[in-house]
Amino acid sequence: MVEAVRERVRAQAAAQWRAPVGVVYIAKVRPAYRVKGRRSDGTVAGRRLVRRFCWNLVRFAGVLVQLVLDGDGDIDLRRGTVTAPPGSPAIEFADLARRARRVWVAWGGGQVLLAQADGRVLWSGPAQFAARQFAVIWADGGRVVLPPKRAEKARIRQEVR
């Protein structure tokens, strides 16, 4: 099933761009935002303060439960980073990826495509993909790093060679 979606995303991007395409699956999208006017979780700063306080309490309780049940010590709530000037397409890209949670990122020919786990396209546009850092980079300096799992990293490194 996963490989079928990977090939569907690859074929769709290759047909659109007429260039060789790489595709990576990101299973968990929760980047830390380093953007003026945004909190580290991506929400807009200064809005919904009471709701934010309650959500932080719930999230804290969730971390405690995760520590007890998982036992692996991996409580990193943020995976990846978003660094961009306000109004950058990197922010829209990251917001869409964050809402979808599991995404496919395809790249080739100076273009990048973001698709949901089922293969539906969420975003497509001009950007570069840095395979070594697993980062999407825009001309305005915006940068989104979404690290995949180890198996995906190994697969991409083999494809890039």
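The values are calculated or read from the model by the stated rules, or taken from the named source; none is laboratory data. Source: prediction; values computed, not measured. Cβ coordinates were reconstructed from backbone atoms using ideal geometry, including for glycine residues, and neighbour counts include every protein chain displayed. To get the accessible areas, we keep the full protein, side chains included, count just its heavy atoms, and leave off ligands, DNA and RNA. Shrake-Rupley method; radii C 1.70, N 1.55, O 1.52, S 1.80 Å.
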> chymotrypsin sites (Phe, Trp or Tyr not before Pro), restricted to region 17-49: which are DSSP loop and have at most 14 other Cβ atoms within 10 Å?
Replying inline: none
> Tell me, what are the semi-axes, in whole angstrom and largest first, of the equivalent ellipsoid of the chain as set by the roots of 5 times the Cα gyration tensor eigenvalues?
Replying inline: 29, 20, 13
> Given the rule -39500 (n - 2.57) for each run of at least 4 DSSP H residues, summed and divided by the residues of the chain, what is its mean residue ellipticity at 222 nm, to the nearest 500 deg cm²/dmol?
Replying inline: -12500 deg cm²/dmol
>> Taking R0 as 41 Å, what FRET efficiency do you get between residue 50 and residue 19 from their Cβ-Cβ distance, rounded to the nearest 0.05?
In response: 0.25
> Just the projected area, averaged over all directions, of the convex hull on the alpha carbon atoms of region 99-156: how many nm²?
Replying inline: 4.2
> Per residue, how much accessible area does the chain show when a 1.4 Å probe rolls over the protein heavy atoms, in square angstrom?
Replying inline: 59
>> Above 17 Å lies some portion of the pair distances; for region 10-63, what is it as a whole percent of all C-alpha pairs?
In response: 62
> Farthest toward the dipole's positive end in the chain, which of 145, 89, 115, given Cβ charges of +1 (Lys, Arg) and -1 (Asp, Glu) about the Cα centre?
Replying inline: 89
> Cα axis of helix 2-17 to longest principal axis of the chain: angle in degrees, 0 to 90, nearest 10?
Replying inline: 60
> How many percent of the accessible area of the chain is carbon or sulfur, using a 1.4 Å probe?
Replying inline: 56
> Once the Cα atoms of helix 150-160 and of the chain are each reduced to a long axis, what angle between those two axes, in degrees from 0 to 90 to the nearest 10, is obtained?
Replying inline: 30
> Where does helix 49-70 land angle-wise versus the long Cα axis of the chain, in degrees 0 to 90, nearest 10?
Replying inline: 80
